[in-house]
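Chemist: Shown below is the structure under consideration.
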Amino acid sequence: MEKEILIVIKSAPFRNLNYYEGLRTAAGLWDHSVKILWSGKGVFGALNKVDNALTKKFLADLPDIDIEMYVDGAALDENGFNGDDLVEEVEVADAVKIKELIEGAEASLVF
């Protein structure tokens, strides 16, 4: 039975591999409805001009398996970035969208 799953990536990509594990987990849950939300320092993992050698394949393939990807717009702003700085297929989410993502999830995993 398909479940609504939200993966929240809050860990900065330059401190540990949590962001990588979050993407890997998302790919492994292909038989569920999965959405990813980068928040806090995790937004650095969704930027297009950072070293994404470990995650490039995931970031390219996740949309192909219908995984929606969002970044917290407020966290993006706080860190000095905007939507133009994101990898393809990632949408900026406002507070209303984030609330919708959280409330719509049957399960949440935080990395």
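No lab work stands behind these numbers, since they all come straight from the coordinates. Predicted, not measured: the structure shown is a model, and the values here were computed from it. Note that we place each Cβ from the backbone using ideal geometry, even for glycine, and neighbour counts take in every protein chain shown.
Chemist: Can you tell me which residue is surrounded by the fewest Cβ atoms within 10 Å (Cβ to Cβ) among those in the stretch 84-96 that are in contact (Cβ under 8 Å) with a residue 12 or more places away in the chain and not charged (D, E, K, R)?
Modeler: It comes out as Ala95.
Chemist: Still on this structure, please answer the following. Determine which single condition Lys35 fails, assuming it passes every other condition in (1) in contact (Cβ under 8 Å) with a residue 40 or more places away in the chain; (2) over 14 Å from the mean Cα position of the chain (by Cα).
Modeler: (2) is the only condition that Lys35 fails.
Chemist: When you look at Phe14, is it within 20 Å of Asp85 (Cα to Cα), assigned to a loop (DSSP other than H, G, I, E, B), in contact (Cβ under 8 Å) with a residue 12 or more places away in the chain and out of contact with any Pro (no Cβ under 7 Å at 6 or more places or on another chain), yes or no?
Modeler: Details: within 20 Å of Asp85 (Cα to Cα): yes; assigned to a loop (DSSP other than H, G, I, E, B): yes; in contact (Cβ under 8 Å) with a residue 12 or more places away in the chain: yes; out of contact with any Pro (no Cβ under 7 Å at 6 or more places or on another chain): yes.
When the stated conditions are applied, Phe14 passes them.
Chemist: Hey, another quick one. Residue under question is Lys49, and the condition is that it be among the basic types (Lys, Arg), part of a loop (DSSP other than H, G, I, E, B) and in contact (Cβ under 8 Å) with a residue 24 or more places away in the chain; does it hold?
Modeler: Yes.
Chemist: Assuming Ala75 fulfils every condition listed in (1) out of contact with any Gly (no Cβ under 9 Å at 6 or more places or on another chain); (2) in a helix (DSSP H, G or I); (3) more than 25 Å from Lys3 (Cβ to Cβ); (4) not aromatic (Phe, Trp, Tyr) apart from one, which condition is it?
Modeler: (1)
Chemist: Sticking with this one: I'd like to check something: does the stretch 36-52 contain any residue that is within 16 Å of Leu86 (Cα to Cα) and acidic (Asp, Glu)? Step through it out loud before you land on a result.
Modeler: Step one: list which residues in the stretch 36-52 are within 16 Å of Leu86 (Cα to Cα), which gives 36-52.
From the residues that got through so far, the ones that are acidic (Asp, Glu) too are 51.
Yes, some residue in the stretch 36-52 is within 16 Å of Leu86 (Cα to Cα) and acidic (Asp, Glu).
Chemist: Follow-up question, since we're still on this one. In the stretch 54-70, how many residues are in a loop (DSSP other than H, G, I, E, B) and under 10 Å from the mean Cα position of the chain (by Cα)?
Modeler: 1
Chemist: Yes or no: Gly73 crowded, with 16+ Cβ neighbours inside 10 Å and out of contact with any Phe, Trp or Tyr (no Cβ under 6 Å at 6 or more places or on another chain)?
Modeler: So Gly73 passes the test.
Chemist: Kindly list, by first and then second residue, each pair from a residue in the stretch 97-110 that is closer than 10 Å to Leu37 by Cβ and in contact (Cβ under 8 Å) with a residue 24 or more places away in the chain to a residue that is polar (S, T, N, Q) and in a strand (DSSP E or B), limited to pairs with Cβ atoms under 8 Å and residues at least 6 apart or on different chains.
Modeler: Every condition considered, the pairs that remain are Ile102/Ser108.
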